[in-house]
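Participant: Would you mind keeping the following structure in view while I ask a few things?
The values are calculated or read from the model by the stated rules, or taken from the named source; none is laboratory data. This structure is a prediction, so every number in the text was calculated from the model and none was measured. Cβ placement follows ideal geometry from the backbone for every residue including glycine, while neighbour counts extend to all protein chains displayed. Just so you know, the surface numbers come from the protein's heavy atoms only, side chains and all, with ligands and any DNA or RNA stripped out. Shrake-Rupley method; radii C 1.70, N 1.55, O 1.52, S 1.80 Å.
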Amino acid sequence: MTEGRPMPHPTAISEPHWQGAREHRLMVQRCGECGAYVFPPRAACTHCFSSALRWEQSSGLGDIYSYTIIHRAPHPSFEAPYCAAIIRLAEGWHMTSNVIGTPMDEIEVGMPVEVIFVDFDEVTLPMFRVRRSAGERTG
Ligand code: ZN
């Protein structure tokens, strides 16, 4: 059930990230001055305050940096239990997302994951699924 589910509201700054998601590409800002990746999207680099940010496509590959299992959904449109995780992308930046497609009791820190895109009516959400072995695509 997704009816009434709270969804992100793209802003002028974050729109390229969400447009990329609609095209099933994981987009992240990178600083043209210091090279740092910046996420969530910002008007200026969080490392050097430069406004010379540009958009790059991430590999979408990473691992589970940390996670928690939500047993009591914050909204009736969420099906508990579900996994909220901090994903460490291969490029070294982090994003908060969901790990789906794996039993909750099998999820571990350090598991390799890859992005998948879940299309809703108004927005596409990047989520992650476990890669069973390096280089092998699941599903
Ligand atoms: Zn910078």
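Participant: Go through the stretch 34-75 residue by residue and tally those that are open to solvent by less than 70 Å² (accessible area, probe 1.4 Å), under 28 Å from I116 (Cβ atoms) and assigned to a loop (DSSP other than H, G, I, E, B).
Facilitator: 10
Participant: Would you say P81 is at pLDDT below 95, farther than 12 Å from F128 by Cβ and away from the ligand (no atom under 16 Å from the Cβ)?
Facilitator: No, not satisfied.
Participant: Can you name the condition, by its number, that P112 falls short on among (1) in contact with a Lys or Arg (Cβ under 7 Å, 6 or more places away or on another chain); (2) loosely packed, with under 13 Cβ neighbours inside 10 Å; (3) of a type outside the set (A, V, I, L, M)?
Facilitator: Here P112 clears every test but (2).
Participant: With respect to the numbered conditions (1) modelled with pLDDT of 95 or more; (2) part of a loop (DSSP other than H, G, I, E, B), which one is the sole condition not fulfilled by P6?
Facilitator: Just one mismatch for P6, condition (1).
Participant: Please verify whether C48 is within 13 Å of the ligand (Cβ to nearest atom), of a type in the set (A, V, I, L, M, F, W, C) and in contact (Cβ under 8 Å) with a residue 12 or more places away in the chain, treating the condition exactly as stated.
Facilitator: When the stated conditions are applied, C48 passes them.
Participant: Residues to consider are D119, D105; find the one that is within 27 Å of R42 (Cβ to Cβ), modelled with pLDDT of 95 or more and either open to solvent by 50 Å² or more (accessible area, probe 1.4 Å) or within 13 Å of the chain's Cα centre (by Cα) (or both).
Facilitator: It is D119.
Participant: Can we say M111 is hydrophobic (A, V, I, L, M, F, W, C) and more than 18 Å from G20 (Cβ to Cβ)?
Facilitator: yes
Participant: A further question follows. Name every residue in the stretch 15-33 that is surrounded by fewer than 13 Cβ atoms within 10 Å (Cβ to Cβ) and within 10 Å of the ligand (Cβ to nearest atom), in order of residue number.
Facilitator: G32
Participant: Just to be sure before I move on: is E91 within 16 Å of the ligand (Cβ to nearest atom), of a type in the set (D, E) and outside any strand (DSSP E or B) in the structure I sent?
Facilitator: Yes: the conditions hold for E91.
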